[in-house]
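Undergrad: Sharing a structure with you now.
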Amino acid sequence: MPIKIIKMRRFFVFLPLLLFPFMLGAQETITVMQYNLLQYGNYQSGFAECFETNNNTQRKDECIRTLLDYVKPDIFTVCEFGSKPQLQVDFMRHNLNVGDINYWKTDNAINYANSSIINHIFYDSRKMELKKHVALRTSPRDTDVYELYLKTPELLAGDTIKLVCIVSHPKAGQSYEVDRLATMSMVMNYVEAHYANENVLIMGDFNMYRASESGYQLLTRTYSHNESLFVDPLARTGGVGEWNNNPQFAPFHTQSTRRYSNECFSSGGLDDRFDFILMSDEIYMGFNKIKYINNSYYAVGNDGNHFDQSIDQNGNSSVPPEVAEALFDASDHLPVTMTLSVYAQWDVEEIGARDFKVYPNPTNGVITVETVQDEATEYRITNVLGQTLMTGTFNNQTGQIDVSELPDGLYIVNINGLISKFVKATGRR
């Protein structure tokens, strides 16, 4: 069973302002970056022949500093990080808290699986603080759940804006789809039990070869978990499908950065989309004061022109030469990044809930909408990608809408700019 190892007091109202010299304002941003560091500091033989000669930690640090300076993340999550405790200390000193910078923090590792490679999170403590860290006992590596609160002015009044980051690195290989599904099932069960309808990101090297894979479907399109759904930022831009070794998905691939292997790095050039940051629909829609900034998600260094090629082959049109070189030398994966807006004084779901209600939820066919307005009310129903599926008008404060023809899933009701959500689930009342 997962074990909580950190708890912090919730009585934020008593904390003086001087404890938070830097705070997120009413509309600030948070940049998140996820990166597979390829056996960072872990020299070993076996599946990956990674040694100091072909995966030198000092050179990797130089590359990581270049990438951090280029992306400037506020949250930096990683996988394939060596499990020796001293590595974490050295990584912070060499790459994050450098010179006059001293605000990056992390947390002690949990390693129930006793794996040689683990996940980590690093975060800007001026903007957020870690409240809790839980490790789920997935195989072959733990999945880490980090619960952060954002340092906004509302925090001093006791209003916590929460952001949960889940870092997962399920088993690699075409024949291990069932294992990856087991990992994602445990994640979804945990999210449903503890973070339903909250701001959640799940990220990592998922090792999934296509969108039809059962683990990906469970995260993004299966409605066995009525209150939990993850949205792929690339669903609207063509990045979802049969991406394995498919040139149609060249702008979205994240692995491998090299055409030829050095025994540690995988070879073949960019031809797979393994690395992800997916977001709960609450973040996608901006229900809980954090909202995804459209089109801010991308794989750093992927210019769409390096299918089956090394990332720096014949130049790279998306990043400076030194960044392309750093991507080539640091790992056989590309980092992925996204940016979130923080609306510290705005909550669409709370406003919507006060002005209209939608029930039953979940529904199997007909929803009732109650408003406080006497005039004719226009409504619009969309899916989580913002695509309009139904429109109409009702003339009283209470109206009924037949949604029986919609597929099972999560939907948004928009009335005069206010929004609420409901789940269509066959067999539910």
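Undergrad: How many of the residues in the range 397-420 are at negative phi and surrounded by 14 or more Cβ atoms within 10 Å (Cβ to Cβ)?
TA: The first filter runs over the range 397-420 and keeps only residues at negative phi, leaving 397-408, 410-415, 418-420.
After this cut, where a residue has to be surrounded by 14 or more Cβ atoms within 10 Å (Cβ to Cβ) as well, the list is 397, 399, 401, 403, 406, 408, 410-415, 418-420.
Selection size over the range 397-420: 15.
Undergrad: Then there is this: Residues to consider are Ile166, Ile161; find the one that is of a type outside the set (Ser, Thr, Tyr), in contact with a strand residue (DSSP E or B) (Cβ under 6 Å, 6 or more places away or on another chain) and modelled with pLDDT under 95. If you could, list the steps in order and put the result at the bottom.
TA: Numbers: Ile166 fails: modelled with pLDDT under 95.
On inspection, the qualifying residue turns out to be Ile161.
Undergrad: Please determine whether any residue of the range 312-334 is touching a residue at least 24 places away in the same chain (Cβ under 8 Å) and under 25 Å from Ser185 (Cβ atoms).
TA: Yes: the range 312-334 contains one or more residues that are touching a residue at least 24 places away in the same chain (Cβ under 8 Å) and under 25 Å from Ser185 (Cβ atoms).
Here is a yes/no grid of residues against (1) touching a Ser or Thr at 6+ places or on another chain (Cβ under 9 Å); (2) in contact (Cβ under 8 Å) with a residue 60 or more places away in the chain:
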| position | (1), (2) |
| --- | --- |
| Leu87 | yes, no |
| Asn95 | no, no |
| Lys105 | yes, no |
| Asn114 | yes, no |
| Ile117 | yes, yes |
| Asp124 | no, no |
| Lys131 | yes, yes |
| Ser139 | yes, no |
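Undergrad: So for the range 184-197 (the condition being modelled with pLDDT of 95 or more, in contact with a Gly (Cβ under 9 Å, 6 or more places away or on another chain) and assigned to a strand (DSSP E or B)), does at least one residue qualify?
TA: no
So that you can scan it fast, the table gives a plain yes or no per residue for (1) surrounded by fewer than 17 Cβ atoms within 10 Å (Cβ to Cβ); (2) more than 16 Å from the chain's Cα centre (by Cα); (3) more than 30 Å from His94 (Cα to Cα); (4) assigned by TED's automatic domain parsing to the domain that holds Phe287:
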position: Lys132; (1), (2), (3), (4): no, yes, no, yes
position: Asp142; (1), (2), (3), (4): no, yes, no, yes
position: Ile166; (1), (2), (3), (4): no, no, no, yes
position: Ser175; (1), (2), (3), (4): yes, yes, yes, yes
position: Asn189; (1), (2), (3), (4): yes, yes, yes, yes
position: Tyr195; (1), (2), (3), (4): no, no, yes, yes
position: Asn207; (1), (2), (3), (4): no, no, no, yes
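Undergrad: Could you look through the range 144-158, keep only residues that are assigned to a strand (DSSP E or B) and surrounded by 21 or more Cβ atoms within 10 Å (Cβ to Cβ), and pick out the one that is modelled with the lowest pLDDT? Let's see the steps before the verdict.
TA: Filtering the range 144-158 down to residues assigned to a strand (DSSP E or B) leaves 144-150.
Checking the rest, the ones that are also surrounded by 21 or more Cβ atoms within 10 Å (Cβ to Cβ) come to 144-148, 150.
On the way: Asp144: 98, Val145: 98, Tyr146: 98, Glu147: 98, Leu148: 97, Leu150: 92.
In this case the residue turns out to be Leu150.
Undergrad: Are any residues in the range 271-318 among the small types (Gly, Ala, Ser) and in a loop (DSSP other than H, G, I, E, B), and if so, which ones?
TA: Step one: filter the range 271-318 for residues among the small types (Gly, Ala, Ser), giving 280, 286, 296, 299, 301, 304, 310, 315, 317-318.
Hits for the range 271-318 are Gly286, Ser296, Gly301, Gly304, Ser310, Gly315, Ser317, Ser318.
Undergrad: So Gly99 passes all but one of these: (1) modelled with pLDDT under 95; (2) more than 25 Å from Phe328 (Cα to Cα); (3) surrounded by 15 or more Cβ atoms within 10 Å (Cβ to Cβ). Which condition number does it fail?
TA: (3)
Undergrad: Please specify each residue of the range 87-143 satisfying the condition of being of a type outside the set (Val, Ile, Thr) and in a helix (DSSP H, G or I).
TA: Applying the first criterion (of a type outside the set (Val, Ile, Thr)) to the range 87-143 yields 87-88, 90-97, 99-100, 102-105, 107-109, 111-116, 119-120, 122-133, 135-137, 139-142.
Residues satisfying the conditions are Leu87, Gln88, Asp90, Phe91, Met92, Arg93, His94, Asn95, Leu96.
Undergrad: Let me ask something else about it. Check the range 343-352 and report whether any residue there is over 30 Å from Asp272 (Cβ atoms), modelled with pLDDT of 80 or more, surrounded by fewer than 19 Cβ atoms within 10 Å (Cβ to Cβ) and of a type outside the set (Val, Ile, Thr).
TA: Initially, the range 343-352 is screened for residues over 30 Å from Asp272 (Cβ atoms), giving 343-352.
Narrowing the set further to residues that are modelled with pLDDT of 80 or more leaves none.
Scanning the range 343-352, I find no residue that is over 30 Å from Asp272 (Cβ atoms), modelled with pLDDT of 80 or more, surrounded by fewer than 19 Cβ atoms within 10 Å (Cβ to Cβ) and of a type outside the set (Val, Ile, Thr), so the answer is no.
Undergrad: Within the range 217-238, identify whether any single residue is in contact with a Gly (Cβ under 8 Å, 6 or more places away or on another chain), without any contact (Cβ under 8 Å) to a residue 60 or more places away in the chain, closer than 18 Å to Ile277 by Cα and in a helix (DSSP H, G or I), and answer yes or no.
TA: no
Undergrad: I want to confirm something. Restricting to the range 239-272 and keeping residues that are free of Cβ contacts under 8 Å to residues at least 60 places away in the same chain and either in contact with a helix residue (DSSP H, G or I) (Cβ under 6 Å, 6 or more places away or on another chain) or charged (D, E, K, R) (or both), which single residue is farthest from Asp329 (Cα to Cα)?
TA: Within the range 239-272, the match that is farthest from Asp329 (Cα to Cα) is Glu242.
Undergrad: So, in the range 39-67, how many residues would count as being in contact with a Phe, Trp or Tyr (Cβ under 7 Å, 6 or more places away or on another chain) and hydrophobic (A, V, I, L, M, F, W, C)?
TA: 2
The values are calculated or read from the model by the stated rules, or taken from the named source; none is laboratory data. This one's a predicted model, so the numbers in the text were calculated from it and none came from an experiment. Cβ: placed from backbone, ideal geometry, glycine included. Neighbour counts: every protein chain shown.
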